Amino acid sequence: MTPQHIKLMIPGPVGVEDEVLAAMAEPVRAHYGPAWMEIYDETLERLKRIFGTQNDMLLFTGPGSAGLEAALGSLAGRGDKVLVAYNGFFGERMATIGRSHGLEVRTVEAPPGQPVDPEAIRKRLAAERDIQAIAIVHLETSTGVLNPLQEIVAIAGEFGVPLILDAVSTLGGIPLPVDGWGIDVCVTVGNKCLAGPIGLVPISVSQRAWDQMERKREGAHGWYLNLRTWRDYAIKWSPWHPYPTTLPSNNVVGLLASLRLIEEQGIEAYYAHHEQAAQFVRGRLRQLGFEMLMPEAHASPLITTARPLPGMDVEDFRRYLLEEWQIMIGGGLEGLRGKIFRVGHIGKAASAEYRELFLNGVEAYLKLQGFDVPAG
């Protein structure tokens, strides 16, 4: 089974359109010079429109965790307090990243599958006025819960504390107006909702965040994972090489191809496409007897998390879909392993072709296992 035959319906990375693959297959370009800067500048301008921001835009290379580590290590110095609000695997990882930098991590926790309580954040900020930054995951993909971000950002603004947002699994997939809501550092990746290649990390940075970094200049961590390093190059080398290292130029060209496709479709239509895919899949899963892990009030349209039917083996189900239908879905993480499965609705996974094939595979598996399958 070759990778190109596997249909990715996981939370990420995603299957990309042929135009993106074709762009990535073009001859390798130099990552500097006038012709390249036209491509790079257009990529950043299109990213700004999707972010809904006039803030500075950086294009890191690496995984999303690199961008989050850079944000935490740049806004706070060793011994500083940061508040990490979390309710699952990826939020807890941000707390771990903070501790690895010697930060005094304070936490506001909610049980997995429940949203973070904004009032708990307000109380912690009121009690500890020396907190230097707040970090939160928008969509906790380990469970599918969407946190009440707008309320949390507003509370951060009341206390004048910059907010770092893990928008790795949401930016481009649902409305997320960075400037309208007042998000200071927004980190995402190219290989999820933006439906592009792996390895690119767009980050928007507000003036309030830059001001704090200037105050923390002596306590900043590292060189590559330091937002100020990237800003310095963006200023000093702006005409031809506004970043500190070599960029994967073909990946940038692939991301630009995807951004053009999104804007051609229209961002509102693009959001609606994800919502329709989620409702289509969840509706049929419910007809088949599956229970969703998340109530609709807190569920994201970008991922469906469902419990197996009684007596159903989740790992056997995932193996069957992969081997017999060439469809890859996600399983549960840590304490939820074997207890749920996760289906992405981003990239090609949101297409009618993928979602219908997935549901056909689900029905075939249930019949094979002797479950009753009601007509759809």
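The values are calculated or read from the model by the stated rules, or taken from the named source; none is laboratory data. Given the structure is predicted, the values throughout are model-derived calculations rather than measurements. Every residue, glycine as well, gets a Cβ built from its backbone with ideal geometry; the counts of neighbours run over all protein chains shown.
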What is the residue count in region 338-376 for residues that are at pLDDT 95 or above and assigned to a loop (DSSP other than H, G, I, E, B)? 9
Select from region 150-197 the residues that are in a loop (DSSP other than H, G, I, E, B) and β-branched (Val, Ile, Thr) and list them in ascending order. Val161, Val168, Thr170, Ile183, Thr188, Val189
Just give me the residues in region 95-135 being under 24 Å from the mean Cα position of the chain (by Cα), part of a loop (DSSP other than H, G, I, E, B) and not charged (D, E, K, R), in sequence order. His101, Leu103, Ala110, Pro111, Pro112, Gly113, Gln114, Pro115, Val116
Quick check on region 362-369. Is at least one of its residues touching a strand residue (DSSP E or B) at 6+ places or on another chain (Cβ under 8 Å) and either within 30 Å of Thr170 (Cβ to Cβ) or surrounded by 15 or more Cβ atoms within 10 Å (Cβ to Cβ) (or both)? no
State all residues of region 217-268 that are under 28 Å from Glu353 (Cβ atoms), loosely packed, with under 13 Cβ neighbours inside 10 Å and either among the small types (Gly, Ala, Ser) or touching a Cys at 6+ places or on another chain (Cβ under 7 Å) (or both); if no residue qualifies, say none. Gly266
Has region 269-281 got any residue that is surrounded by fewer than 19 Cβ atoms within 10 Å (Cβ to Cβ), over 18 Å from Gly172 (Cβ atoms), not polar (S, T, N, Q) and not assigned by TED's automatic domain parsing to the domain that holds Cys193? yes
Just to be sure before I move on: is Glu323 touching a Lys or Arg at 6+ places or on another chain (Cβ under 9 Å), assigned to a helix (DSSP H, G or I) and of a type in the set (Asp, Glu) in the structure I sent? no
Just a yes or no: is a residue in region 108-119 touching a strand residue (DSSP E or B) at 6+ places or on another chain (Cβ under 9 Å), without any contact (Cβ under 8 Å) to a residue 40 or more places away in the chain, crowded, with 18+ Cβ neighbours inside 10 Å and over 30 Å from Ala297 (Cα atoms)? no
Options Gly67, Gly77; residue that is assigned to a loop (DSSP other than H, G, I, E, B) and assigned by TED's automatic domain parsing to the domain that holds Pro175: Gly77
Can you tell me which residue within region 4-17, out of those that are under 22 Å from the mean Cα position of the chain (by Cα) and not in a loop (DSSP other than H, G, I, E, B), is farthest from Thr304 (Cα to Cα)? Lys7
Checked region 15-56 for anything of a type in the set (A, V, I, L, M, F, W, C), over 13 Å from Val252 (Cβ atoms) and surrounded by 13 or more Cβ atoms within 10 Å (Cβ to Cβ); matches are Val16, Leu21, Ile50, Phe51
